[in-house]
Amino acid sequence: MKIYTRTGDSGQTSLVGGKRVSKTHPRLEAYGTVDELSSHLGLLASLLTDHHHRQTILTIQQTLFSLSAILATEPESKWQPEPLSPSHTEKLEVEIDHLQQQLPALHSFIIPGGSQAASQAHVCRTVCRRAERCILALTEEIEVSADVLRYVNRLSDYLFVLARHLNVSKGIQEITH
């Protein structure tokens, strides 16, 4: 199978279901930003030494792949992806609560940085926030499941807490403002 099809050379691509849209369509902006986030998460995983954290990131990437399929599929498509389960968000909340128990209380804003892994977690967090904004913009045109929005919102919270945890566990002092 060839990687190139030449069908997108004119600036259009197909959604799941066959409809052709501009590559600047809000759907593509939303799932393209989710794809960018997954790539950043892959880099983050490569910087992590803890097996549990690496596995959590891989699970998140798999969930994001499913989430992208949801965003890329027209309602008229014969094939429909599985809806995102609320359990995905609940698992993130368990991770957040577990990590937060190990952190000092937060009394000011955190300046992103610290260890390389924590810095990358902050990059992931900001890309996640952009993905959330893109998905919210998409909701002005189409219906998007509340579970999708909830998951992406909670994911940015997880990445913030993970960044803090990575710095604290390495003995790196957080820079506050």
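Which three numbers, in whole Å and largest first, are the semi-axes of the equivalent ellipsoid of region 1-44 derived from its Cα gyration tensor as √(5λ)? Don't skip to the answer; put the middle values down first.
Working: eigenvalues 97, 42, 16 Å².
The equivalent ellipsoid of region 1-44 has semi-axes of 22, 15, 9 Å.
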Any chance you could list P(r) for region 110-158, counting all Cα-Cα pairs in 10 angstrom bins from zero, rounded to whole %?
-> 26, 44, 21, 9, 0
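Checking a compactness column here: for region 1-96, what do you get for Rg(Cα) / (2.2 N^0.38 Å), N being the number of residues? Could the numbers behind the result be given before it?
Values: Rg = 15.9 Å, N = 96, 2.2 N^0.38 = 12.5 Å.
Dividing the Cα Rg of region 1-96 by 2.2 N^0.38 Å gives 1.27.
So which GluC sites (Glu not before Pro) in region 69-104 pass both tests, a DSSP loop state and at most 13 other Cβ atoms within 10 Å of the Cβ?
Answer by residue number: E76.
Taking only the Cα atoms of region 43-177, how large is their convex hull per residue, in Å³? Mind dumping the intermediate values first?
Details: hull volume 15.0 nm³, N = 135.
Measuring per residue, one finds 111 Å³ for the Cα hull of region 43-177.
Could you put F109, F160, F65 in order, starting from the residue whose Cβ has the fewest other Cβ atoms within 10 Å?
On the way: F109 8, F160 22, F65 14.
Least to most surrounded, the residues fall as F109, F65, F160.
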Expected 222 nm ellipticity per residue - DSSP helices of 4 or more, -39500 (n - 2.57), all of the chain, to 500 | -21000 deg cm²/dmol
What is the total of Lys pairs in the chain with C-alpha atoms under 27 Å apart, excluding same-chain pairs fewer than 8 positions apart?
-> 6
Cβ-Cβ FRET estimate between H98 and A69, R0 fixed at 25 Å, reported to 0.05 = 0.30
Candidates per GluC sites (Glu not before Pro) in region 97-177, loop by DSSP, up to 11 other Cβ within 10 Å = E140, E141, E143
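None of the figures in this text is laboratory data; all of them are computed from the coordinates on show. All values reported here derive from a predicted model rather than from experimental measurement. Cβ coordinates were reconstructed from backbone atoms using ideal geometry, including for glycine residues, and neighbour counts include every protein chain displayed.
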